[in-house]
Amino acid sequence: MSTVISVENLSKVYHLGQIGTGTFANDLKVWWARKQGKPNPLLRVGQPDYGNRMGEEIWALRDVTFTVEQGAVLGIIGRNGAGKSTLLKILSRVTAPTGGMVKVKGRIASLLEVGTGFHPDLTGRENVYLNGAILGMDRAEVRSKLDEIVDFADVAQFLDTPVKRYSSGMYVRLAFAVAAHLDPEILVVDEVLAVGDAEFQNKCLGKMGDVAREGRTVLFVSHNMASIRKLCTNCMLVDKGIVKVLGGTDEVIYQYLSTLQRFSLSSLEARPDREGDGRMRFTHFEVAEGSPSPDSAIVGAATRFDLYYHGAPPLRNVQVSLGIYNPSGERLLWMGNDTSGSLFKEIPSSGIISVFLDHFPLVPGQYLVNLYCEVEKRKADWVHSAAQITVHPGDFYGNGKSPTVSTGPVLVLNSWSFRERK
Amino acid sequence: MTVNDQQWDLIILPKRRLLDLHLKELWSYRDLILLFVWRDFVSVYKQTILGPLWYLIQPLLTTITFTVIFGNIARLPTDGLPQFLFYMSGTVIWTYFADSLTKTSNTFIQNIGLFGKVYFPRLVVPVSILFSNLITFVIQFIFFLGFMGFFVLRGSNISPNIWIALTPILILMLAGLGLGFGILISSLTTKYRDLRFLVQFGIQLLMYATPIIYPASSVSERYRFLIFANPLTSLVETFRFAYLGTGDVNPLHLVYSFGFMLVVLFLGAVIFNRVEQTFMDTV
């Protein structure tokens, strides 16, 4: 194993707002004022003076240092604006860094956005040659791979049709196929998998897996934790231009999700999209026990959900229920105090209602929580998708193994035995 | 892990050295240049009725317009040459220079989408534009030669001579000047969009400062140095002299133009090289 990418103290500064003033005349005015020691004449009163520049500085990357080994599939995750794309742009030489250095061994191909350079009036075949050349292939190389590319994209019939007549799916497939067959030593991929249908997405993931198995290196930026988990051997968490964590995929994803929740907790109290007469309202939901963060749970862990509420007294004969749904809206679990026990006769005007589960029974993934309550048989509050929870892998059966999605969505404790029949 | 620097294929640094123009890399992308040229050639006249005929219609109409307006109405002198040939030679040469300049001066602005996604030496684009225009030029020039033959047969007084041998050098200088000014302007337009308007306007003015619609000999002696300060003047005059037999040819003027071209080309390349690295952050 050798290092194929070495990033040393890489920094990139962007200037928010305009650089210069956009017109030569105004730039001259600013320059003249500075020369005479006067303040920038174009600034509004109270606006800070950043010299000739009208905006403030943003460090998209700050002293980023890391190395990538040959054959690694490195996932890069982080919130929007964390600096992931800037990093990829520098690696693919679209823009130059402000400081630091990157050393690369082998050819880098980037799939920052597929289909760049496609000309609508040219045919599929012509565009394959053109796009291949833009990505750095010579004609002989494209010619030798043409069949493979066309097969992969599944557009053989339309090869001599101008691409402006293609469906968007065909267009994307062809574009991805060209890029994927570039056979670079290092492949940089940014969210291309958001396009195309499910089948094609799987094909792309498969192709990336192949690339990795052939000993080549892949850098993969995505917001889709499932694909990151599926593909990546290592993962890097970027936050505010700094590499926060670099390590095993599961560990880094876990860290990412726990930083993420701090920002995504929208106030349940303020949600307007709710039903009910409002005698009682949910103000906050969290996973209070058996989880690394208030919006995540672990498969098989003893778990407590806390439902914060506030209401107008007296709150008598209160029914509370909680449903857990998958992202496509199917209800997987439903729990209610009246079905598992009984209504609350009377509760304080504001407090916390808790639900206990001995073994959290859902496989890893993303889920939505609905909350519902009734006061004296009248609907008081009903919030769809009141909270989102992420379920992390865990040992459900106590046998050291973590169940996966393939076991089905819901887990149940069970035991097996056998006896002889006479 | 110790890896010595010799093993790296690519080192990305904040700023390249001023004169590090990556010309070798440009050469390795020659296939892309060819494909761009071919793309421009193939795609320009797709979905048009007359197709490639436009290559001939454009100079023809311009020449006729010039002949009518400047020749017949304004009655500008043409050094005794048939007006049609005089204006056509000027038009064909001027079109090559002007098109090369205007199109290359849009390099960055027109390719933001592409440059923002993929790396290749940015000079590929202006260089490919030069070659695309060269195709147009050759077609139009052959067209011009056809008319020349026609006028010779009709017994017009034109005398092509040995200076024709200079043709490739003249074309090279036209291309070099167009490219140099073009990339210089395209680099500056990433910051100042005003320049784009200036180019459209300026190129028209420049045509009147070049002996396209009048011969240099018609300019009075006192101001002739001014017209020859324009590096294009000696090119146009030499061209006319070589093919038609009249014009003001002076090797010193040609050397001046050549030097001028080298300076502009060098300046353009250096600034272009500077801008191409970070222009994505500016536009």
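Name the aspartates and glutamates eligible as straight-distance cross-link partners of residue A:35: C-alpha to C-alpha under 19 Å, and not fewer than 8 places from it in the same chain.
Cα-Cα hits under 19 Å: A:27, A:49.
Would you calculate the separation in nanometres between label points at residue B:208 and residue A:376, each defined as 7 Å from the Cα along the Cα-to-beta-carbon direction?
9.2 nm
So how tilted is helix A:198-213 from the main axis of chain A? Cα-based, degrees 0 to 90, rounded to 10.
Approximately 60 degrees, to the nearest 10.
Of the peptides A:236-247, A:338-349, how do they stack up when ordered by the mean number of other Cβ atoms within 10 Å, highest first?
On the way: A:236-247: 19.1, A:338-349: 12.5.
Descending packing order for the listed peptides: A:236-247, A:338-349.
Shielding by partners for A:87-95, please: the mean number of other protein chain Cβ atoms within 10 Å of each residue's Cβ.
On the way: counts 0, 0, 5, 2, 3, 4, 6, 8, 10.
The mean count of partner-chain Cβ atoms within 10 Å per residue comes to 4.
Enumerate by residue number the chymotrypsin sites (Phe, Trp or Tyr not before Pro) in the range B:25-107 meeting two conditions: DSSP loop (anything except H, G, I, E, B), and at most 16 other Cβ atoms within 10 Å of the site's Cβ. Spell out each step's value before the answer.
Values: sites: B:27, B:29, B:36, B:38, B:41, B:45, B:54, B:55, B:66, B:70, B:84, B:86, B:87, B:94, B:96, B:97; in loops: B:29, B:45.
Passing both the DSSP loop test and the Cβ count: B:45.
Which shape class, rounded, prolate or oblate, goes with the protein assembly as shown when its Cα gyration tensor gives a ≥ b ≥ c as root eigenvalues, a/c under 1.5 marks rounded, and past that a/b bigger than b/c marks prolate?
Working: a/c = 2.74, a/b = 2.32, b/c = 1.18.
The shape class here is prolate.
Helix A:249-264: angle to the longest alpha-carbon principal axis of chain A, degrees 0 to 90, nearest 10?
70 degrees
Please state the relative contact order of the range A:274-407 as a whole percent: Cα pairs under 8 Å, 6+ residues apart?
Values: 347 pairs, mean separation 42.6, N = 134.
Answer for the range A:274-407 is 32 percent.
I'd like the orientation of helix B:194-208 relative to chain B: the angle between its Cα long axis and the longest Cα principal axis, in ° from 0 to 90, rounded to 10.
30 degrees
With the Cα gyration tensor of chain A giving a ≥ b ≥ c as the square roots of its eigenvalues, does the rule (a/c under 1.5 for rounded; else a/b larger than b/c for prolate; else oblate) give rounded, prolate or oblate? Mind dumping the intermediate values first?
Details: a/c = 2.17, a/b = 1.37, b/c = 1.58.
Verdict is oblate for chain A.
Using a simple charge model, +1 on the beta-carbon of Lys and Arg, -1 on the beta-carbon of Asp and Glu, nothing else, what dipole does chain A show about its Cα centre, in debye to the nearest 20?
Numbers: 46 positive and 45 negative charges, 147 e Å.
The calculated dipole for chain A is roughly 700 debye.
On a straight-distance basis, which aspartates and glutamates could pair with residue A:379 in a cross-link, Cα separation under 15 angstrom, same-chain partners fewer than 8 positions away excluded?
Filter leaves A:273, A:275, A:277, A:338.
Mind checking the full-extension length gain between residue A:226 and residue A:352? Use 0.36 nm per residue of separation minus the Cα-Cα distance, one decimal, nm.
Working: separation 126, 0.36 × 126 = 45.36 nm, distance 3.35 nm.
The span from residue A:226 to residue A:352 would gain 42.0 nm if fully extended.
Could you work out the local net charge near residue B:89, counting Lys and Arg as +1, Asp and Glu as -1, over the other residues with Cβ closer than 13 Å to its Cβ?
Values: positive: B:240; negative: B:79, B:237.
It works out to a net charge of -1.
Along the charge dipole of chain A, which of A:402, A:255, A:300 sits closest to the positive end, that is, farthest toward it, with unit charges on the beta carbon of Lys, Arg, Asp and Glu (+1, +1, -1, -1)?
My answer, from the dipole projection, is A:255.
How big is the charge dipole of chain B about its Cα centre, in debye rounded to the nearest 20, if each Lys and Arg gets +1 on its Cβ and each Asp and Glu gets -1 on its Cβ? Don't skip to the answer; put the middle values down first.
Values: 19 positive and 14 negative charges, 68 e Å.
Result for chain B is approximately 320 debye, rounded to the nearest 20.
With the crude spin-label approximation of a point 7 Å out along Cα→Cβ, what separation in nm comes out for residue A:69 versus residue B:45?
6.0 nm
Throughout, read-outs are computed from the coordinates displayed, never taken from laboratory work. Model, not experiment: these values are computed from the prediction. So basically every Cβ, Gly included, is an ideal-geometry build from the backbone, and we count neighbours across all protein chains shown.
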